[in-house]
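Worksheet for the structure shown next.
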Amino acid sequence: MALQMLAAQDPGELVAGLTAVGRGIVYGGAAIGPGIGIGIVVGNAITAMARQPESAGMVRTTMFLGIAFTEALALFGFVLAFIISG
Amino acid sequence: MALLALEFPPISHLIEWPTLFGSGALAVNKVVLLMIVSAVLVFSLYFTAGRRGSLVPSGVQNFAETVVEFVQEGIILQTMGPEGLHFTGFLLTLFSFIFMCNIWGIVPLAQMPVNARMALPAFLAIIVWIVFNFVGIKHQGPGGYFKSMLFPPGVPKALYILVTPIELVSTLIVRPLSLAVRLFANMLAGHLLLVSFAIIATALFKATVVGAALPGALLIALTGFEVLVAVLQAFIFTILAAVYIGGAMHPEH
């Protein structure tokens, strides 16, 4: 109802508002998977470091690599959210 | 909202700078100026460090040798092995230059990470793309390189219908794209974060002086966090470049 009234009165405002909502959904959705993924990567890296502290250096390098690959998906969502326009 | 005068400027106001001098494709604005300054700074650091070449390093040479050692032992030996050591120059330049460009985000008066504009990350990613493809073709021959890229051994024959297109897209398109986007988006996000907190702190300071304490403290903490991000993103860009070049040198078994 309110949306129909707004669409009749000021369609530009409605488009701007829905674009903002869409941006939020795009970035929020894109952040779910990588959030879980980074948690798994870092958690397992900490387990590995705690079990074998002598291999901490190698594990840390690999951990950063894993984070970088996982994080890329969230960043695609971040960029996509800016690209969306009404 | 109106009470606090909390008006967030559009994104374009935060990252687009007016032209200082020049015009057209050669126009120089603040971002280009900072990029040139970083290139000069990185060049003069290693030039002054390498000019003397004394056996017992001190001062600038000491610092430069620490960075070289970090790139060699932290990045190259971990990912490419000893054969990658002749890429030290390339990767050291990448690391130092990206770090210098990133750190402008928190330097007072500059306050603009050069990599928050897509141009420079995209250009650097294209350079890395050219280098790792060139190295792959040089080490394995054009046939061998594309064969080991598109048809990785140890995969059942029928699965090549699925694997080959994925490998083609992921190696030749997604790799440079994600390299560039990762660096760009991280620096842009950091920049926006600092701007948001600065705006909130200013608006609250105008309304109630005490209210600005929390966002102000967070702003200072985030500035420290941005130093970490600047180093980490330079490190990740360099280590991924090293992994791609190392992977192109040796086919997977």
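When the convex hull of the Cα atoms of the stretch B:14-86 is projected onto a plane and the area is averaged over all directions, what value comes out in nm²?
Reported value for the Cα convex hull: 8.2 nm².
Assuming a ≥ b ≥ c are the square roots of the Cα gyration tensor eigenvalues, decide whether the stretch B:9-154 counts as rounded (a/c under 1.5), prolate (otherwise, with a/b larger than b/c) or oblate.
Oblate shape, in that a/c is at least 1.5 and b/c is the bigger or equal ratio.
Given points 7 Å out from each Cα along the Cα-Cβ axis, report the residue A:83 to residue A:32 separation in nanometres with one decimal.
Taking the simple label geometry, residue A:83 and residue A:32 are separated by 2.1 nm.
Tell me, what ³J(HN,Hα) does each residue in the stretch A:38-52 have, in order and in whole Hz, if you take phi through Karplus 6.51 cos²θ - 1.76 cosθ + 1.60 with θ = phi - 60° and put x for Gly and Pro?
Residue by residue, the stretch A:38-52 yields 5, x, 5, 4, 5, x, 5, 5, 5, 4, 4, 5, 5, 6, 10 Hz.
Return the sequence-ordered ³J(HN,Hα) values of the stretch B:201-215 in whole Hz as given by the Karplus equation 6.51 cos²θ - 1.76 cosθ + 1.60 applied to θ = phi - 60°, using x for Gly and Pro.
With the stated coefficients, the stretch B:201-215 comes to 4, 5, 5, 5, 5, 5, 6, 9, 4, 5, x, 7, 4, 5, x Hz.
Calculate log10 I(q)/I(0) of chain B for q = 0.09, 0.14, 0.16, 0.17 Å⁻¹, where I(q) comes from the Debye formula with a single equal point scatterer on each Cα and nothing for solvent.
So the normalised log intensities work out to -0.54, -1.04, -1.19, -1.27.
So what is the 222 nm mean residue ellipticity for chain A from helices alone, if each DSSP H run of at least 4 adds -39500 (n - 2.57) and you divide by all residues, rounding to the nearest 500 deg cm²/dmol?
-32000 deg cm²/dmol
For chain B, set up a GNM with springs between Cα atoms under 10 Å and report which of B:33, B:85, B:109 has the largest fluctuation.
In this elastic network of chain B, the residue with the biggest mean-square fluctuation among B:33, B:85, B:109 is B:109.
Can you give me the Rg/Rh ratio for the stretch B:134-252, using Cα atoms for both radii and the Kirkwood formula for Rh?
1.28
What is the spin-label model distance, in nm, from residue B:21 to residue B:77 if the labels are put 7 Å beyond Cα along the C-beta direction?
Going by the 7 Å Cα→Cβ label model, 4.7 nm.
If you build a Gaussian network model of chain B, linking Cα atoms that sit under 10 Å apart, which residue out of B:34, B:204, B:188 swings the most?
B:204
Counting only helical runs of four or more DSSP H residues, what would the 222 nm mean residue ellipticity of chain B come to if each run contributes -39,500 (n - 2.57) and the total is spread over all its residues?
-23000 deg cm²/dmol
Express the relative contact order of chain B as a whole percentage, based on alpha carbon pairs under 8 Å and six or more residues apart in sequence.
Relative CO of chain B lands at 26 percent.
Apply the Karplus curve 6.51 cos²θ - 1.76 cosθ + 1.60, θ = phi - 60°, to the phi angles in the stretch A:11-19 and return the couplings in whole Hz, x for Gly and Pro.
In residue order, the calculated couplings are x, x, 5, 5, 4, 4, x, 5, 4 Hz.
At what distance in angstrom do the alpha carbon centres of the stretch A:13-86 and the stretch B:144-194 lie from each other?
17
Distance in nm between label sites at residue A:50 and residue B:56, each 7 Å beyond Cα in the beta-carbon direction?
Roughly 4.6 nm, to one decimal.
Test of understanding: in a Gaussian network model of chain B with alpha carbons linked when under 10 Å, which of B:25, B:49, B:64 would top the mean-square fluctuation ranking?
B:25
Return P(r) of chain A (all Cα-Cα pairs; 10 Å bins starting at 0; whole %; ordered from short to long distances).
Taking every Cα pair in chain A, the percentages come to 17, 29, 21, 16, 10, 6, 2.
For the protein assembly as shown, what are the per-bin percents of Cα-Cα distances with bins 10 Å wide, up to the bin holding the maximum?
Whole-percent P(r) values from 0 Å outward: 5, 18, 29, 26, 14, 6, 2, 0.
Report the Cα centroid-to-centroid distance between the stretch B:226-244 and the stretch B:88-117 in angstrom, as an integer.
Answer, in whole Å: 11.
Just so you know, all these numbers are worked out from the coordinates, no wet-lab data involved. Note that this is a predicted model, so its numbers are computed, not measured. Note that each Cβ is placed from the backbone with ideal geometry, even for glycine, and that neighbours are counted across all protein chains shown.
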